[in-house]
Amino acid sequence: MRRFVIRRLLIAVPVLALVSLMSFAVIWLVPGDPASAFADAGATPEQLAQIRHRLGLDEPFYLQIIAWYGRILHGDLGQSILLNRSVSAAIIERLPVTLSLTALSLIFAAVMGIIAGILAAMRHRSWADQSIMIVALLGLSIPEFWLGLLLIFTFAVRLHWFRAGGFVPITESFSGWFLGLALPAFTLAAVQMGFIARMTRSAMLEVLSQDFIRTADSKGLPWSVVVTRHGLPNALVPILTVLGIVTGSLLGGAVVVEQVFSLPGVGRLVIGAVLSRDFPVIQGTLLFVAVIYLLVNLTVDILYAVADPRVRLE
Amino acid sequence: MPWPTRGCALNSAALRRLLQNRSFAIGATLTLFIVLVAVFANQLAPFDPTRSNFRARLVEPGAEHWFGTDHFGRDLLSRVIHGGRISLLIGCFVVIVTGIAGTTIGALAGYFQRLDNPLMRLMDALMAFPAILLAIVISATLGASIVNVVIALSIATSPHTARIVRGSVLVVREMEYIEAARALGASDLRLLFGHVLINALAPLIVRLTYVFATAILAEAVLSYIGVGPPPPTPTFGNIIAGERDFMETAPWTMIFPGLAIVTSVLGLNLLGDGLRDVLDPRMRL
C-alpha cells in the first residue's frame, strides 16, 4: 500500500511542475505588451517600465520561470496589483466561502445523485428509472448561471424563502450559513447530480447483472439488502471516479455560481482579477485551484486502492 | 459477455439501430430544428435583432413580440434566433478544432509509445484546471472575440478528447489486421491514419457531440461573465447578461434565451446518448 502511494506521488510531480508552468505562462498570452494592459492610457514609458519590472517582464523567459518556481516553492504567490496584499492572503481570506460552497454542493450532489442512481438501477426500465434519467439529463443541459438566476428570482425575489447570496461564516451562525448557501449550493449541485446519477445507475446495473447478485437474491435476502450490501460496495470504484471528476467541475462551477450569487469567494476573486487584468492573482489562483484538483484526485486514487485491493497490484 | 470491438460499428446495421433509438430520434430532431433556425435566421427573425425601439421597451410577450422585448426595445425572439446562430457557429468551430487537435494528440500518444508519456502528462496538466476557469482566463487574456472564444474553448475541451482517442488507438493498435497491414509493409503513418484511426472513430464522434453541447453551455457562461463575443452581436449568453438588471420586472428577458440554451444542449446531449448506445456500447450509461 505504501509503495502504491509513493508511486502515485511520484507521477504527480511532473504534472505539478507543468501545471505551475502553465499557470505562470498565462501572462504570455496577452497580445502586445502585458504591462500596457494595467497602465492607464496616458502612462509614461517610465511608468510602463516600472510595471514591467514589478511583474518581472523585463527579464528573459527562463529567468522569469526560475524566479516563479523559486517563489512558489517558498509558498509566495506574489503581490496583487490592485488589492494591495499578497495573492496568498487574498486567496486564504476568501477560501472559507468557496470551501463551504463546494463542500455543501458536493454533499447535495453525492447524496441525491447516488440515491437517484441506485433507485433507477433497482427499478431498471420502470417509469421511475425513466423519469430520474430525464431529470438527470435536464440537469446536465441547464447552464448553471441561468438556473441560479431562476432560483434567485423564484425563491429569493418572489417567495423570500432564502437570501440571494451573502455569506455568514459557519462559526457565527449555522442557520445563517446554510440559508445563504442553500440556493448557490443547489445550483452548483444540479449539474453534477445528473452526472453522478447517470454514472451510479450504470455502475449499479453492471454489478446487478453479476452472478453473485443472483445468488444473494436466490438465497432469500431482501432485495434492498442485496443492493446495499452486495451491489453497492462493488460499484464503489466507478462512483469514486465520478466524485473525483465532480470535485474538479465543482471548483470550476463555483467560479460562475459565486459570481451569480455575489458570494465573496475565490471564484469572484479570480473573475475580478480576470476583468481587471491583475495577473499575479490570476496566476496564483490558477495554480491554487489546479493543485487542489490534483490533491483530490490523488486522494481518490488512494481510496480506489482501499476500496478495491486489486488496484494496488496494477 | 464479449463486448463488440470498440469502433467497428459504423455500418448500415448501426444506422438501423440508430434510427430505432429513442434518444437519438428526439435528439436529432431537436438538433435539426435548432440548426435550421440558425441557418435561416435572416428569413425567420421577424425584426432586426440589433434595432432599438425606445417606445417598445420591456414589452411583455404577446402577439407582436412572441418572446417580448428587452430594455432597448429590441425583439427578443429575433435576438434569440440570431444569438443561436453565433452560439452554434462557435460550437461548430470548437468541434472542428477540438476534433483535429484531440485526434492528432491522442493518435500520436496512443500509437508512438515514446510520445505517450510526455503528451499525456501535458494533457493531465491541462485537465487539472477546471475547464470553464481555463476558458474564462484564456478568452479574457486574449481579448473577447468570437475567434478567441473558440480558441479558449478548444484548449479546454481538447485534452479529454485526446485521452479518449488515445484509449481507442491503444486497443485498435494491437488488433491482428493492423499486424497484417504492417506485415504487408505499410508505413507507420499509413497504418495510423489509414487503418487505426478509421477504426477508432466511434468514441470520437460520441465525444464530439458532447463537446458541441459543452461549447454552447460554456459560450453562454463566457458571455455572461463578460469575456465572450462582445455586444451588440447577440449570443445566447450575452442576451441574458445584458438584461440581468431587469430580471425582476421583466423575467421573460431571462427565461426565453435560457430555454433556447437548454433546448439546444438537451438536443445535443440526447443525440450523443443515442450515438453512444449504438456506436460505443461499452460507454453505455
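List of remarks:
- Residue B:217 meets the stated requirement of being buried (at least 24 other Cβ atoms within 10 Å of the Cβ) and either touching a residue at least 12 places away in the same chain (Cβ under 8 Å) or within 15 Å of residue B:86 (Cα to Cα) (or both).
- The numbered conditions (1) more than 20 Å from residue A:226 (Cα to Cα); (2) surrounded by 18 or more Cβ atoms within 10 Å (Cβ to Cβ) are all true for residue A:93 except (2).
- The one condition in (1) on the phi < 0 side of the Ramachandran plot; (2) surrounded by 14 or more Cβ atoms within 10 Å (Cβ to Cβ) that residue A:78 fails to fulfil: (1)
- For the residues A:227, A:274, A:257, A:246, the requirement of being within 12 Å of chain B (Cβ to nearest Cβ), hydrophobic (A, V, I, L, M, F, W, C) and over 18 Å from residue A:106 (Cα atoms) singles out A:274.
For (1) in contact with a Pro (Cβ under 6 Å, 6 or more places away or on another chain); (2) within 14 Å of chain A (Cβ to nearest Cβ); (3) under 19 Å from residue B:90 (Cα atoms); (4) among the charged types (D, E, K, R), each residue gets a yes or a no:
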{"residue": "B:203", "(1), (2), (3), (4)": "no, no, no, no"}
{"residue": "B:229", "(1), (2), (3), (4)": "no, no, yes, no"}
{"residue": "B:265", "(1), (2), (3), (4)": "no, yes, yes, no"}
{"residue": "B:276", "(1), (2), (3), (4)": "no, yes, no, yes"}
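- Counting only residues that are touching a strand residue (DSSP E or B) at 6+ places or on another chain (Cβ under 8 Å) and not in a helix (DSSP H, G or I), region A:39-88 holds 7 of them.
- Residue match in region A:91-103 (condition: in a helix (DSSP H, G or I), β-branched (Val, Ile, Thr) and farther than 24 Å from residue B:125 by Cβ): yes
- Listed by first and then second residue, the pairs linking a residue in region A:254-271 that is under 15 Å from residue A:288 (Cα atoms) to a residue that is among the acidic types (Asp, Glu), with Cβ atoms under 6 Å apart and 6 or more places separating them unless they lie on different chains, are A:265/A:258; A:267/A:258; A:268/A:258.
- A count restricted to region A:149-166 and to residues that are within 12 Å of chain B (Cβ to nearest Cβ) and either free of Cβ contacts under 8 Å to residues at least 24 places away in the same chain or more than 24 Å from residue B:238 (Cβ to Cβ) (or both) stands at 5.
- With respect to the conditions (1) touching a Gly at 6+ places or on another chain (Cβ under 9 Å); (2) at pLDDT below 85, residue B:73 lacks only one, and its number is (1).
- Any hit, region B:215-238, residues being modelled with pLDDT of 90 or more, within 15 Å of the chain's Cα centre (by Cα), farther than 20 Å from residue B:66 by Cα and of a type outside the set (A, V, I, L, M): yes
- Pairing residues of region A:122-148 that are at the interface with chain B (Cβ under 8 Å from one of its Cβ atoms) and part of a helix (DSSP H, G or I) with residues that are surrounded by 22 or more Cβ atoms within 10 Å (Cβ to Cβ) and of a type in the set (Asp, Glu), at Cβ distances under 9 Å and at least 6 apart in sequence or on separate chains, gives A:137/B:273.
- Test: residue in region B:147-165 that is at the interface with chain A (Cβ under 8 Å from one of its Cβ atoms), under 23 Å from residue A:294 (Cβ atoms) and among the polar types (S, T, N, Q): no
- Residues located in region B:101-146, provided they are within 12 Å of chain A (Cβ to nearest Cβ) and either basic (Lys, Arg) or in contact (Cβ under 8 Å) with a residue 60 or more places away in the chain (or both): B:121, B:131, B:132, B:135, B:136, B:139, B:140, B:144, B:145
The values are calculated or read from the model by the stated rules, or taken from the named source; none is laboratory data. Everything numeric here is computed off the predicted structure, so don't read it as measured data. Cβ coordinates were reconstructed from backbone atoms using ideal geometry, including for glycine residues, and neighbour counts include every protein chain displayed.
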